[in-house]
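Let me begin by presenting the structure, written as structure tokens, before commenting on it.
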Amino acid sequence: MTASHLTVRLNRLGIRARASRNTALLDLAAQIPASVLSDVLGICVTCAVAWSHDAGNTRLGWAADFARRDFRKSEWPQLSVAPGK
């Protein structure tokens, strides 16, 4: 089943998938930095920045703030993805 066929079927049932998708994407864009949004969803960085801007995300300096933190080695955040992947 293609995405467009699924959309047609959902629309017949009164379910507007586009609106739900946009709402979920806007909520996620408000919570995480655009670069992370781009990586997680596989969308271009420009689109992720636009969604973040529309969501009112003020985390533009998130990476810089994170880099400035003074972590002890035992406090370093654990990565869920191996580096280089």
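Derivation of every value follows stated rules applied to the coordinates shown; laboratory data play no part. Treat the numbers as computed from the prediction; the structure is a model and nothing was measured. Here the Cβ positions follow ideal geometry from the backbone for every residue, glycine too, while neighbour counts run over all protein chains shown.
Measuring how big segment 1-48 is from its alpha-carbon positions, Rg and Dmax come out at 13.1, 36 Å. For the peptides 40-50, 26-36, the ranking by packing is 26-36, 40-50, with the highest mean count of neighbouring Cβ atoms within 10 Å listed first.
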